[in-house]
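The values are calculated or read from the model by the stated rules, or taken from the named source; none is laboratory data. What you are looking at is a predicted structure, and each value in this text was computed from that prediction instead of being measured. Glycine gets a Cβ as well: all are built from the backbone with ideal geometry, and neighbour counts include every protein chain shown. We work out accessible area using only protein heavy atoms, side chains counted, and drop any ligands, DNA or RNA first. Shrake-Rupley method; radii C 1.70, N 1.55, O 1.52, S 1.80 Å.
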Amino acid sequence: RNTFCLVCQGPPVWHKNYPVAQGNRQSPIDIIPHQTSHDPGLGPITLNYDQCTSINITNNGHSVVVEFEDPDDRSVILGGPLDNPYRLKQFHFHWGGKGCHGSEHTVSGNSYASELHLVHWNAVKYKTFGEAATAPDGLAVLGIFLETGDDHRWLHMITDALYMVKFKGSVTDFKAFNPKCLLPSSLHYWTYLGSLTTPPLHESVIWIVLKEPIIVSEKQVHVFRMLLFTGEEEDERIRMENNFRPPQPLKGRKVRSSN
Ligand SMILES: NS(=O)(=O)c1ccc(Cc2ccc([N+](=O)[O-])cc2)cc1
Ligand SMILES: [Zn+2]
């Protein structure tokens, strides 16, 4: 398996090149609701996405990513545990294989079919995303669980585009998509200090995980599995699935609940 890139060899080997994989604020985690502390000082989060400008959708070999222009504070998340607005940079998904679940965070040991991550960075304190991504308060990722049930009326806008980015390294235009249509009705959340869930696993993420999942159909989740980890030029075709990291040790961290 040494032909695979390190990430593709999966979480068990990441610590060799990224010792922070065994750090004190790694993500994801198992969230146990009755063990979280309700913090009345935690206000609601606000998502100002109305001027959002998505640019493209790409298969980076590990997930499918929709990238946004972030020259100013046109699309930000604010409030909750955040001291200032954080700019939307990209969103992507994690999912499982046929019939097996694929979320990264779990709730009392239960995982969901998939998990959506909206990645934001602290442009007030840091000049670039890359710089913010290595700072303890540099990133804020909003995690949304996808539970299987009925068809999601807007997710098809994403799944319809996946046919264009089947191979690793492929990218296609994806303009004017507002991710507000992928939010559940309630913005109640859990929040804790964690990390990127893929290498380089930087401990730079303030995690905000929504309690309410969105409902999508198994058919819609299955479309994600037609993506490939491998590039068009490679002779081996490996389906992109199970691209989730399992829960990591809490190491004494507090998980707070909005209410
Ligand atoms: N899954 S997640 O924790 O939300 C996540 C979010 C963003 C990224 C993308 C990424 C973020 C930072 C770097 N870096 O600093 O080299 C490289 C890749 C990787 C992983
Ligand atoms: Zn992610």
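Among the residues of segment 172-203, those identified as buried (at least 18 other Cβ atoms within 10 Å of the Cβ), closer than 23 Å to SER37 by Cβ and more than 13 Å from ligand 2 (Cβ to nearest atom) are LEU187, TYR189, TRP190, THR191, TYR192, LEU193, GLU203. In segment 91-114, which residues are among the small types (Gly, Ala, Ser) and over 10 Å from PHE145 (Cβ atoms)? Scanning segment 91-114 gives GLY96, GLY97, GLY99, GLY102, SER108, GLY109. If the condition is being away from ligand 2 (no atom under 11 Å from the Cβ) and in a strand (DSSP E or B), then segment 102-116 contributes THR106, VAL107, ASN110. Under the condition of being surrounded by 16 or more Cβ atoms within 10 Å (Cβ to Cβ) and either touching a strand residue (DSSP E or B) at 6+ places or on another chain (Cβ under 7 Å) or not in a helix (DSSP H, G or I) (or both), the residues counted in segment 4-20 number 1. Sub-9 Å Cβ pairs linking a first residue in segment 115-140 that is in contact (Cβ under 8 Å) with a residue 24 or more places away in the chain and open to solvent by less than 40 Å² (accessible area, probe 1.4 Å) to a second residue that is assigned to a helix (DSSP H, G or I) and aromatic (Phe, Trp, Tyr), at least 6 apart or interchain, are VAL119/PHE129; TRP121/PHE129; ALA123/PHE129; GLY138/PHE129; LEU139/PHE129, ordered by first then second residue. Of the residues in segment 149-159, at least one is surrounded by fewer than 15 Cβ atoms within 10 Å (Cβ to Cβ), in contact with an Asp or Glu (Cβ under 9 Å, 6 or more places away or on another chain) and of a type in the set (Gly, Ala, Ser). Note on segment 131-150: residues that are more than 10 Å from ligand 1 (Cβ to nearest atom), closer than 23 Å to ASN110 by Cα and not hydrophobic (A, V, I, L, M, F, W, C) total 4. Taken over segment 21-53, residues that are part of a loop (DSSP other than H, G, I, E, B) and surrounded by 13 or more Cβ atoms within 10 Å (Cβ to Cβ) amount to 15. Within segment 15-28, residues that are β-branched (Val, Ile, Thr) reach partners that are part of a loop (DSSP other than H, G, I, E, B) and within 12 Å of ligand 1 (Cβ to nearest atom) with beta carbons closer than 9 Å, at six or more positions or on different chains, in the pairs VAL20/GLN26; VAL20/SER195; VAL20/PRO200; VAL20/LEU201; VAL20/HIS202; VAL20/GLU203. Within segment 59-74, the residues that satisfy the criterion of being within 16 Å of ligand 1 (Cβ to nearest atom), in contact with a strand residue (DSSP E or B) (Cβ under 7 Å, 6 or more places away or on another chain) and not in a strand (DSSP E or B) are SER63, ASP70.
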